[in-house]
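Chemist: Mind having a look at this structure? Questions to follow.
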Amino acid sequence: MDSRKLTLGLKEAFNEEASLLGAKSKNLAFVVSRGFNVPEGLCLTTEAYDLFLEENQLREQIFAEIHRKPLRKMRWEEMWDTSLRIRSLFLQGTFPPKLHEALSREVSDEGLKNGVSVRSSSQKEDHRLASYAGVHETLLKINSRSELEKAIKIVWASLWSDVTLLYKKELSLNIERSKMGVLIQKMVYPTCSGVCFSESPIKENSNDRKNICLVEVVPGECRNLVDGILEPKQILIEKENLDQVSDFELLSSGEIKHLGEITNSLEELFGHPVDIEWCKGDGVLFVLQVRPITSGGLFKKDREKFWFIKLRPKKEHLWDLAKKVESELIPKIKERGEQLSREELDRLGPGELQKCLIQRHEELKDWQEIYKNDFIPFAHGVRQLGQYYNDHVSPEDPFEFTGLLKFEDLEATKRNNSLLKLTIHLNKSPSLKEVLLEILKENQSVSEFKRVHLKKILKNEQGKAFLRSYFKVQKKYLDVVFDFSRLIERNDLLGKHLLNLVEALDGTKEMVKSEGALDLESKLYNAVGKDREDEAREIIKLGRLSWKIRDDDNLFLSKIEAQLLRVIKLGLDFLNLEIDVELGTTPIEKLVEGLSLALLDPDHRGPFKEELQKINGEAELKKKKKSVQAFQLIGQPAAPGIISGEVKIVLSVEDLGKFKAGDILVCKAIQPQMTHLLPLASAIIEQRGGMLIHGALLAREFCIPCVNGIPEIFEQVKDGDFVTVDGHLGLVTIGTPDI
Amino acid sequence: MVFINDDEPILPSKKPNVPEGPLSKKIKEKISGLIKDQRFCVLSLKGENTAYGSLVSFTYADDLSEFVIPLQKGSRKYNLLVKEKEVCLVMDNRDTSPPSPNHIEGVNLLGTAHLLSDDKRRAGMKNQLIKRHPQLKSFVSSPTCSFFTITPKTFYHIVRFQEIYQWTPES
């Protein structure tokens, strides 16, 4: 007979170990036993978690997911994908009947009517060395049995969230160990809440911090503070002079004093400085959580390194961000790119060129900062849509929600459609095609349509109309950078690409129309119910907008970059520095700095040229690094399908013109500047990993297999290699499959 | 002549179609007991002038009349197996046996492999494999995963290094 303890009342639990209750429940059970006010609660033990895992055979599946590749090699996005898959496994799991019975017994209908909170209590959280603060889930205002069971599953699953995985990776903690307890508590609907530190963490108090308590207060729930929704008011209290506090907006002097007393007592009881979460409901001060004060949290310590934590903005922030990005930043960056591209630069002297160079470089840096702080976090809208969809629909495929995203409105799609029209135009006129073939054959490295070439085209019957459309497309969409080259200057590449498209016109792949999106929408609306349909509609809207903008913003930013490159090229021309350097390999800062000096002072021109050649030489050396030959590589199964074919690596701008129908596209990551290649590609392999990155989603749209997240791909394959891409399993087999 | 634990003498049978008697039942039970806790085995095969071995997951019918292994289509072992059907599966209890090598038991199964193409049977095998190997759910659900059945011809049960019993199931 199974004698596991699945549930325990918070009041009865203080003698049990943290390994059974989880640390949060253990601490609160102790606090209750000492007579402090804590909302009434029920602990779900870690044995309940074990039972769920066992009955659903989840442990093996979780380990299969987290060990798909070494954690140290996983990018944050891949961790997010992994945790989404695991979350789906939890949501699809069957709630153990024994636990269901226990909850029916312990949580009354009356209690549910009032609402309960469901909070994480992992074995390892709230520890002095690793607090896991804000890492696991808390769900509030749960008031039905089905919602309660779902909330418990979500809290359990948060033991494997992206942030938890990242946290464990950075602290080198054992990824497999740890279990999750859950604390179900009666909801308190507070007028205000906050945190108290028994030692002030404020720098200015550093000399006297042990004698000063810090109280932070926000109106309403504590999540307003913890999630950064509201700025808290801060109150400093001298521990020795608690009687000297005065009233402070939401709290009376008596209540502030009482908070100070609670904090001091808990510090004494726990034997070390503590921070507590508290709230005030019906005039009573409740303790919601107690934990040791850690040194600021892992992510706060190293903000630069963990900047991507900002990529999980809360729903409230996302809407603000959406407004800012859509109505302010995107129109501004678009307009700015166009303004800069219209500016006449050819007649500028060296001083003016230098000034322009610095201005454009500064402007690019500003936009790059905006890209990092606003555009990228806004891309989280897609992730939020995914999580919301999965939480309600529980689909077999955790990435089914990507079918809700629309591709028709993207700038890159509009460009690709324009290119397709040009291809059809070219295909209808064999003589024009011949002329273009002849030009490109004449000079493979031609970088501009020279006057003579233009004349040849114009002589053709269809030439004038073709060129008119061609230059329109070029001006509208191709003043962007790829591999530090302006595509607008590479007519030869575009010409070759158009000819390749013509050759493959019947066989080119088209995006699947988004009709399936309607079915998925209905599926979601049915799952959330009538009451929440509007909410679901809003989340879909946000997800789609975020997806559109994350594609468009790259092109707009690239246009700004192209305008800097234009000045750099003019500067190099002005200095007659016809040196054979790959600009893409040259760090931009060094290039701008050197060029700027060289433009102003002729004495700097020699050293600048030498510096460029040196940098280029180093880049060449790096490229030559080789390693052991792989037979099969594993990555993320980003888009389903299996296909064999020849590799074409696309890293440089020259590669764009060499891509042929049926090639397997191998690249660092698909960028919007290169998505015109996709109608020709039979499969995609990307070095960068993630189920929601461009390549993955576009491959799904084009119905071609995609495997991504293979860091060593460029060491293991070269142009012309025969490979098999298995997008179902995320495998790339090198060499002919038949031995 | 060899002896099993209760000192009952048996003659290793090399003839096929030997009716199942108490001794073969005993060996069958021992084999069943051993493989019950083993989730992986070594698949040995040959072809294209080469020998080849690979660690694979497996499941099997309770009466040991059939074993099933999932393989990725296009993999080396898949390509060898579609051409050369005679295989050997090696299973042992190293991971669960006490430290002495004398306690290690092993089973060699010689049999014939067939690619499973019947959709209904595929679905059944898939579920059976997931039950035994939950971590393989996405692998066995992939359209690029194939299932091979292996019909045993002969089992060899090996104990104490060199004691070997042969069991040829009734066909």
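The values are calculated or read from the model by the stated rules, or taken from the named source; none is laboratory data. Computed from a prediction, not measured in an experiment: that's the story for all the values here. Here Cβ is always computed from backbone atoms with ideal geometry, including for glycine, and neighbour counts include all displayed protein chains. Ligands, DNA and RNA are stripped out before the accessible areas are found, and what is left, the full protein with its side chains, is counted by its heavy atoms. Shrake-Rupley method; radii C 1.70, N 1.55, O 1.52, S 1.80 Å.
Chemist: Return yes or no: is B:Ser146 polar (S, T, N, Q), within 30 Å of A:Thr724 (Cα to Cα), surrounded by fewer than 18 Cβ atoms within 10 Å (Cβ to Cβ) and within 14 Å of chain A (Cβ to nearest Cβ)?
Modeler: Against the criterion (polar (S, T, N, Q), within 30 Å of A:Thr724 (Cα to Cα), surrounded by fewer than 18 Cβ atoms within 10 Å (Cβ to Cβ) and within 14 Å of chain A (Cβ to nearest Cβ)), B:Ser146 does not qualify.
Chemist: Out of B:His114, B:His157, I need the residue that is away from chain A (no Cβ under 14 Å), touching a strand residue (DSSP E or B) at 6+ places or on another chain (Cβ under 9 Å) and either exposed (fewer than 14 other Cβ atoms within 10 Å of the Cβ) or free of Cβ contacts under 8 Å to residues at least 60 places away in the same chain (or both). Which one?
Modeler: B:His114
Chemist: So which pairs qualify, if the first residue must be in the stretch A:519-545 and of a type outside the set (S, T, N, Q), the second must be open to solvent by 30 Å² or more (accessible area, probe 1.4 Å) and not in a helix (DSSP H, G or I), the Cβ gap must be under 6 Å, and the two must be at least 6 apart or on different chains?
Modeler: Listed by first residue and then by second, the contacts come to A:Arg544/A:Lys406.
Chemist: When residues of the stretch A:66-101 are filtered for being free of Cβ contacts under 8 Å to residues at least 40 places away in the same chain and of a type in the set (Asp, Glu), how many remain?
Modeler: Residues in the stretch A:66-101 being free of Cβ contacts under 8 Å to residues at least 40 places away in the same chain and of a type in the set (Asp, Glu): 1 in total.
Chemist: While we're here: Condition check: within 14 Å of chain A (Cβ to nearest Cβ) and either small (Gly, Ala, Ser) or surrounded by 19 or more Cβ atoms within 10 Å (Cβ to Cβ) (or both). Does B:Leu129 satisfy that?
Modeler: yes
Chemist: From the list A:Leu698, A:Leu656, A:Leu680, A:Leu665, pick out the single residue that is buried (at least 21 other Cβ atoms within 10 Å of the Cβ), free of Cβ contacts under 8 Å to residues at least 24 places away in the same chain and either basic (Lys, Arg) or more than 14 Å from chain B (Cβ to nearest Cβ) (or both).
Modeler: Only one candidate passes the filter, namely A:Leu665.
Chemist: Given the structure, is A:Ile642 open to solvent by 10 Å² or more (accessible area, probe 1.4 Å), of a type in the set (A, V, I, L, M) and either closer than 24 Å to A:Gly516 by Cα or touching a Cys at 6+ places or on another chain (Cβ under 9 Å) (or both)?
Modeler: So A:Ile642 fits the description; yes.
Chemist: What number of residues within the stretch A:610-628 are at pLDDT 70 or above and either assigned by TED's automatic domain parsing to the domain that holds A:Lys668 or open to solvent by less than 80 Å² (accessible area, probe 1.4 Å) (or both)?
Modeler: 2
Chemist: When you scan the stretch B:118-129, do you find a residue that is outside any helix (DSSP H, G or I) and either of a type in the set (Phe, Trp, Tyr) or touching a helix residue (DSSP H, G or I) at 6+ places or on another chain (Cβ under 6 Å) (or both), even just one?
Modeler: no
Chemist: Then there's this: Tell me which of these A:Gly735 doesn't satisfy, since it passes every other one: (1) within 14 Å of another protein chain (Cβ to nearest Cβ); (2) farther than 23 Å from A:Asp551 by Cβ; (3) at pLDDT 90 or above.
Modeler: For A:Gly735, the failing item is (3).
Chemist: Quick one: A:Lys24 ticks every box in (1) surrounded by fewer than 19 Cβ atoms within 10 Å (Cβ to Cβ); (2) touching a residue at least 12 places away in the same chain (Cβ under 8 Å); (3) not β-branched (Val, Ile, Thr) bar one, so which box is it?
Modeler: (1)
Chemist: Further question on the same structure: For the stretch A:166-173, does any single residue satisfy the condition of being under 28 Å from the mean Cα position of the chain (by Cα), of a type in the set (S, T, N, Q) and within 14 Å of chain B (Cβ to nearest Cβ)?
Modeler: no
Chemist: Determine which single condition B:Cys41 fails, assuming it passes every other condition in (1) open to solvent by 20 Å² or more (accessible area, probe 1.4 Å); (2) away from every other protein chain (no Cβ under 14 Å); (3) under 26 Å from A:Leu633 (Cα atoms).
Modeler: The single condition B:Cys41 does not satisfy is (1).
Chemist: Among A:Lys69, A:Lys26, which is within 26 Å of the chain's Cα centre (by Cα) and away from every other protein chain (no Cβ under 14 Å)?
Modeler: Just one listed residue meets the conditions, A:Lys69.
Chemist: Also: Only one of (1) over 28 Å from the mean Cα position of the chain (by Cα); (2) open to solvent by less than 20 Å² (accessible area, probe 1.4 Å) is not met by A:Leu437, so which one is it?
Modeler: Every listed condition holds for A:Leu437 apart from (2).
Chemist: Considering every residue within the stretch B:59-73, establish whether at least one is surrounded by 17 or more Cβ atoms within 10 Å (Cβ to Cβ) and more than 14 Å from B:Ile150 (Cβ to Cβ).
Modeler: Yes, the conditions are met somewhere in the stretch B:59-73.
Chemist: Go through A:Arg85, A:Arg59 for me and flag whichever is within 14 Å of chain B (Cβ to nearest Cβ) and open to solvent by less than 50 Å² (accessible area, probe 1.4 Å).
Modeler: A:Arg85
Chemist: Could you tell me which of the residues A:Glu277, A:Glu326 is at pLDDT below 95 and farther than 30 Å from A:Trp547 by Cα?
Modeler: When all the criteria are applied, what remains is A:Glu277.
Chemist: Okay, moving on. Taking interchain pairs and intrachain pairs at least six residues apart, which have beta carbon atoms under 6 angstrom, with the first residue in the stretch A:440-466 and at pLDDT 80 or above and the second in a loop (DSSP other than H, G, I, E, B) and open to solvent by less than 60 Å² (accessible area, probe 1.4 Å)?
Modeler: Listed pairs, sorted by first residue: A:Gln462/A:Ser429.
Chemist: Which one of these does B:Lys25 not meet: (1) more than 12 Å from chain A (Cβ to nearest Cβ); (2) among the basic types (Lys, Arg); (3) buried (at least 17 other Cβ atoms within 10 Å of the Cβ)?
Modeler: Against the list (1) more than 12 Å from chain A (Cβ to nearest Cβ); (2) among the basic types (Lys, Arg); (3) buried (at least 17 other Cβ atoms within 10 Å of the Cβ), B:Lys25 comes up short only on (3).
Chemist: Condition first: open to solvent by less than 60 Å² (accessible area, probe 1.4 Å), away from every other protein chain (no Cβ under 14 Å), touching a Leu at 6+ places or on another chain (Cβ under 6 Å) and not in a loop (DSSP other than H, G, I, E, B). Can you find one or more residues in the stretch A:705-725 that meet it?
Modeler: no
Chemist: Looking at (1) open to solvent by less than 70 Å² (accessible area, probe 1.4 Å); (2) among the small types (Gly, Ala, Ser); (3) more than 14 Å from chain A (Cβ to nearest Cβ); (4) within 17 Å of B:Tyr78 (Cα to Cα), which is the only condition B:Ser100 fails?
Modeler: Checking B:Ser100 against (1) open to solvent by less than 70 Å² (accessible area, probe 1.4 Å); (2) among the small types (Gly, Ala, Ser); (3) more than 14 Å from chain A (Cβ to nearest Cβ); (4) within 17 Å of B:Tyr78 (Cα to Cα), the one that fails is (4).
Chemist: Do you know which residues across the stretch B:117-126 are open to solvent by 30 Å² or more (accessible area, probe 1.4 Å), among the aliphatic types (A, V, I, L, M) and in contact with a strand residue (DSSP E or B) (Cβ under 9 Å, 6 or more places away or on another chain)?
Modeler: Hits for the stretch B:117-126: nothing passes.
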